[in-house]
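The values are calculated or read from the model by the stated rules, or taken from the named source; none is laboratory data. On a predicted model such as this, the values are computed, not experimentally measured, just so you know. In this analysis, Cβ positions are derived from the backbone assuming ideal geometry, glycine residues included, and neighbour counts consider all displayed protein chains. Just the protein is used for accessible areas: all its heavy atoms, side chains included, with ligands, DNA and RNA removed. Shrake-Rupley method; radii C 1.70, N 1.55, O 1.52, S 1.80 Å.
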Amino acid sequence: MAPPLPSSLPLELLERYGHSPLGCTLSASDLVGDNAFSDAQYREVLTDLRQRPEEQLAVYAHVPFCHVRCLYCACDTTVTHSLEKVDRYLDALECEMAMATDLIGRGRKISQLHVGGGTPNHLNEPQLARLMEIVERHFTIAPNACTSIECNPRRSSAGQLELLYGLGFRRISFGVQDLNADVQRAIGRVQSLSMVRDVFQTARETGFQSINLDLVYGLPFQTPAGFRSTLDQILDLSPDRVACFSYSHNPSARPHQHAINADHLPSSAEKLALFHEAVHAFTDAGYRWVGLDVFVRETDELADAQTEGRLHRNAIGYTTMPAKQVLAFGPSAIGEIGGALVQNESDLKSWHNHLDLRQFPVAWGHRLNDAERRRREAVLYLMCNLQLPASTAVDLKQDYDRLCDKAGYGLVEVSSDGIRVTPEGRYLLRGLCAEQDAFLDWGSCQWRFRLPT
Ligand code: SF4
């Protein structure tokens with residue numbers, strides 16, 4: 001049963017929380033900043049990691065290509081139809097992994113591998129096989145590792161899905177966004193239910209252990225009734241997981257979004273109603289609401305992990321594996337190693353230029369100090385476990401008190417044990433967490449380390 005929407009929230013707070021960016025999700029397009037973190041500092045961080053061979057590692061590889069640009073897109077990607085461009089990218093990716101593993105040690109075991117984009121399955125079959133060869137030449141994928149890939153259903157074929165399974169991927173994620181024809185036309189991404197259903201069923205028959213579908217709310221022309229129809233069609237497919245993301249309209253940062261008419265976008269209150277519709281649909285159908293915006297079957301490992309307080313979140317997403325060290329490769333990829341957040345150059349050419357010179361393509365990075373680390377751990381804990389122990393107040397008094405203030409709006413409950421997010425407060429958990437994020441200046445709603453453009 002879906003919790004009710006918070007009823008006593010001032011519009012100003014709703015607007016603010018409804019549009020909150022969030023550093024903890026490590027959205028590549030939102031995080032830009034401190035360029036004082038150099039190639040040399042990144043080398044230091046990687047060299048330190050060599051001293052800790054027992055540390056669990058995760059690897060993220062970003063594939064920065066798509067066949068067309070969707071108008072709502074917030075990812076770092078390039079539209080290309082050039083095989084040579086992709087081959088050159090794979091050459092550079094190999095170089096980047098070789099440079100990193102020269103420092104941390106070749107063949108380190110990884111417990112999580114995620115290939116995202118862009119559109120990873122825009123690569124042709126030999127290129128996909130080469131991508132995995134590159135990973136396996138530099139790392140050892142643990143037998144029980146979580147191996148996942150993002151795919152565009154419009155680019156998926158039975159042969160390609162078989163290949164991906166044969167390469168070792170066991171989790172697959174397809175972008176659906178919305179199945180309403182008006183919404184799809186407005187966002188420049190038309191894909192029929194029958195095509196999505198065919199691809200989904202083929203992935204099931206291929207043997208993938210977990211199939212995730214991505215939805216987006218807050219898109220032009222979305223209405224609760226129309227979105228409910230999409231949700232029902234999605235439920236008919238019975239996915240293992242559904243991620244329901246909030247659309248963030250920011251055409252000044254992403255000029256292609258100018259093609260979306262802002263007059264057709266839902267208001268903050270309407271967006272909240274759309275998300276409420278999703279919570280309603282999935283929880284009524286027996287899915288568990290995990291973290292901010294993910295719904296999983298009761299039998300999913302994330303559901304148990306949340307119940308037992310074992311749920312983690314790293315730079316890749318929610319996980320049951322406590323792999324805190326995320327090595328990230330490819331343009332715009334964001335990693336977290338040895339207490340440092342590091343993002344690669346987003347621009348494909350700049351990324352190549354650095355690697356041609358055998359430099360790490362670091363655009364920015366930041367070594368968290370103790371206070372920032374405690375704050376970040378608290379935010380992640382809140383996001384995963386929907387509570388903060390009272391002991392946090394000792395180190396993070398200001399943040400703790402700010403969260404306590406939200407009790408007046410019914411978003412949290414405060415007791416001697418700590419703070420617990422209320423069922424109503426879950427709808428605004430993103431905003432609550434973002435408010436505590438050390439990298440966000442709420443006055444200007446800008447990332448603190450934003451570079452002059
Ligand atoms: S497929 Fe994904 S990454 Fe590519 S343009 Fe569309 S939304 Fe962006």
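Residue pairs whose Cβ atoms lie under 8 Å apart, separated by 6 or more positions or on different chains, with the first residue in region 72-100 and assigned by TED's automatic domain parsing to the domain that holds Asn261 and under 17 Å from Ala129 (Cα atoms) and the second within 16 Å of the ligand (Cβ to nearest atom) and among the aromatic types (Phe, Trp, Tyr), are Lys85/Phe65; Val86/Phe65; Tyr89/Phe65.
Here is a list: Ala186, Ala203, Ala181. Which entry is of a type in the set (A, V, I, L, M), surrounded by fewer than 16 Cβ atoms within 10 Å (Cβ to Cβ) and more than 19 Å from His62 (Cβ to Cβ)? Steps first, answer last, please.
On the way: Ala186 fails: surrounded by fewer than 16 Cβ atoms within 10 Å (Cβ to Cβ); Ala203 fails: surrounded by fewer than 16 Cβ atoms within 10 Å (Cβ to Cβ).
Testing whether each residue is of a type in the set (A, V, I, L, M), surrounded by fewer than 16 Cβ atoms within 10 Å (Cβ to Cβ) and more than 19 Å from His62 (Cβ to Cβ) leaves just Ala181.
Run down Pro153, Pro143 and say which single residue is closer than 20 Å to Phe65 by Cα and either within 16 Å of the ligand (Cβ to nearest atom) or out of contact with any Leu (no Cβ under 6 Å at 6 or more places or on another chain) (or both).
That would be Pro153, the only listed residue that is closer than 20 Å to Phe65 by Cα and either within 16 Å of the ligand (Cβ to nearest atom) or out of contact with any Leu (no Cβ under 6 Å at 6 or more places or on another chain) (or both).
One residue alone among Glu413, Glu345, Glu377, Glu372 is of a type outside the set (A, V, I, L, M) and in contact (Cβ under 8 Å) with a residue 40 or more places away in the chain, and that residue is Glu372. Just wondering, is there one or more residues in region 173-190 that are aliphatic (A, V, I, L, M), within 16 Å of the ligand (Cβ to nearest atom) and free of Cβ contacts under 8 Å to residues at least 40 places away in the same chain? Yes: region 173-190 contains one or more residues that are aliphatic (A, V, I, L, M), within 16 Å of the ligand (Cβ to nearest atom) and free of Cβ contacts under 8 Å to residues at least 40 places away in the same chain. So for region 237-246 (the condition being open to solvent by less than 60 Å² (accessible area, probe 1.4 Å) and in a helix (DSSP H, G or I)), does at least one residue qualify? Yes: region 237-246 contains one or more residues that are open to solvent by less than 60 Å² (accessible area, probe 1.4 Å) and in a helix (DSSP H, G or I). Of all residues in region 87-141, those satisfying the criterion of being part of a helix (DSSP H, G or I) and open to solvent by 40 Å² or more (accessible area, probe 1.4 Å) are Asp87, Arg88, Asp91, Glu94, Asp102, Glu125, Pro126, Arg130, Glu133, Glu136, Arg137.
Taking residues in region 226-245 that are within 11 Å of Glu277 (Cα to Cα) and in contact (Cβ under 8 Å) with a residue 24 or more places away in the chain, and partners anywhere that are open to solvent by 20 Å² or more (accessible area, probe 1.4 Å) and in a helix (DSSP H, G or I), the pairs with Cβ atoms closer than 8 Å and at least 6 places apart or on different chains are Gly226/Asp182; Phe227/Glu277; Arg228/Glu277; Leu231/Glu277.
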